[in-house]
Amino acid sequence: MSVIAVEGLTKRFGTRTVVDNVSLTVEDGEIVGFLGPNGSGKTTTIRMLCGLLTPDAGSGTCLGYDVRQQSWKIKQAVGYMTQRFSFYEDLTIAENLDFVARLYELRPRQEHVQRTLDDLGLTHRKDQLAGTLSGGWKQRLALAACVMHHPRLLLLDEPTAGVDPKARREFWDQVHTLAGKGVTVLVSTHYMDEAERCHRIVYISAGKVIARGTVDEVVANSGLVTYVVRGGDLHALQAKLDGLAGIEQVAPFGTTLHVVGADIDKLEAAIEPYRHDPAHTWSRGETSLEDVFIQLMGGKDRP
Ligand SMILES: Nc1ncnc2c1ncn2[C@@H]1O[C@H](COP(=O)(O)OP(=O)(O)OP(=O)(O)O)[C@@H](O)[C@H]1O
Ligand SMILES: [Mg+2]
């Protein structure tokens, strides 16, 4: 049975529909990335999945429990990491973990707290105030706390926002280790490299799922074609190409320029007058996930 299986989830705030008919299945041990622009409904969807918000329409199960009828069961069973650091900054690390252990009625409590501190390598800092931890350590502590009760499903809402690359990599290593042990993960993120670490991604925009699959599938389904230009004064070239019919995006990537189109014939017609300038070399490149997401976000038509 799927760990998450929901259909038609919908949530309205006042007259606005912020999650619109979202269906989602996540299988045992899968790591699924949940992507989409700010305000697209990721957090709201996650909160419906973990039983904190009641959907206005739709149905389904999470860990086998009904998302409408058994929200309290789901709340107990999942590990939910909220978008913002959810600890008491003026309690110590140990006190925070003790609080979580009480919440989940873990016994013997002290043992759970001590083991978590040992696993984290934080025993010697247990009396430090949580608010004084660095960003990376805060995330590590938050993950440790949300797996303390051994949940089979983790719902992680932008767990690595603002965390440095090394700490992010360690965090993802941990997520993969947990998945290897059979834990299922749904994780929202704005980072492309993190999307690429997921087995599968789901992309939501204005409350609707508009793309899903493996990263390769999402890139292939976009139908986008990318040319990479190298050479001198790419800035001037960018200005000339920007906005031409057939060209969806022109964006600098380091010392190259990515020129992206949705229709190869139209794209090649658009770049034809510029391709023979000896100052530049043009080659077909791989379309990046970022190119696809920019396109999904509305590309050049966005104000
Ligand atoms: N309790 C609420 N009452 C009214 N509107 C809300 C409430 N919670 C969220 N919204 C609105 O619903 C929309 C979706 O918000 P949500 O937080 O789910 O987006 P998100 O995809 O998580 O965004 P971000 O990437 O910025 O975290 C936003 O426009 C937000 O302002
Ligand atoms: Mg959010």
Could you list, in sequence order, the residues of region 158-207 that are within 16 Å of ligand 2 (Cβ to nearest atom) and not aliphatic (A, V, I, L, M)? GLU158, PRO159, THR160, GLY162, SER188, THR189, HIS190, TYR191, GLU194, TYR203, SER205, GLY207
Among residues belonging to region 36-52 that are surrounded by 18 or more Cβ atoms within 10 Å (Cβ to Cβ) and in a loop (DSSP other than H, G, I, E, B), point out the one that is nearest to the chain's Cα centre (by Cα). GLY36
If we keep only residues of region 251-301 that are buried (at least 17 other Cβ atoms within 10 Å of the Cβ) and part of a loop (DSSP other than H, G, I, E, B), then the residue nearest to the chain's Cα centre (by Cα) is SER288
Hey, any hits in region 86-97 for a residue that's within 16 Å of ligand 1 (Cβ to nearest atom) and either assigned to a loop (DSSP other than H, G, I, E, B) or closer than 21 Å to TRP172 by Cβ (or both)? yes
If you take the residues in region 70-85 that are in a helix (DSSP H, G or I) and more than 12 Å from VAL147 (Cα to Cα), which one is farthest from ligand 1 (Cβ to nearest atom)? LYS73
Kindly indicate whether SER40 is under 23 Å from HIS199 (Cβ atoms) and within 16 Å of ligand 2 (Cβ to nearest atom). yes
Within region 211-244, the residues that are closer than 23 Å to SER40 by Cβ, touching a strand residue (DSSP E or B) at 6+ places or on another chain (Cβ under 6 Å) and touching a residue at least 40 places away in the same chain (Cβ under 8 Å) are ALA211, VAL218, LEU224
Of GLY60, GLY29, GLY33, which residue is touching a residue at least 60 places away in the same chain (Cβ under 8 Å), more than 12 Å from ligand 1 (Cβ to nearest atom) and assigned to a strand (DSSP E or B)? GLY33
On the basis of being closer than 19 Å to HIS276 by Cα, in a strand (DSSP E or B) and in contact (Cβ under 8 Å) with a residue 24 or more places away in the chain, does VAL187 make the cut? no
Take the conditions at pLDDT 95 or above, part of a loop (DSSP other than H, G, I, E, B) and basic (Lys, Arg) and apply them to ARG197. Does it pass? yes
In region 1-19, residues that are within 16 Å of ligand 2 (Cβ to nearest atom) and surrounded by fewer than 21 Cβ atoms within 10 Å (Cβ to Cβ) total 3
If I filter region 126-157 down to residues being of a type in the set (Lys, Arg) and touching a strand residue (DSSP E or B) at 6+ places or on another chain (Cβ under 9 Å), which single residue comes out as nearest to ligand 2 (Cβ to nearest atom)? ARG152
Looking only at residues that are at pLDDT below 90 and in a loop (DSSP other than H, G, I, E, B) in region 136-163, which one is surrounded by the fewest Cβ atoms within 10 Å (Cβ to Cβ)? GLY162
Within region 231-250, can you find the residues that are surrounded by fewer than 16 Cβ atoms within 10 Å (Cβ to Cβ) and in contact with a His (Cβ under 7 Å, 6 or more places away or on another chain)? GLY231
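The values are calculated or read from the model by the stated rules, or taken from the named source; none is laboratory data. For clarity, every value in this text was computed on a predicted model and none was experimentally measured. With ideal geometry, Cβ positions are generated from the backbone for all residues, glycine too; neighbour counts draw on all protein chains shown.
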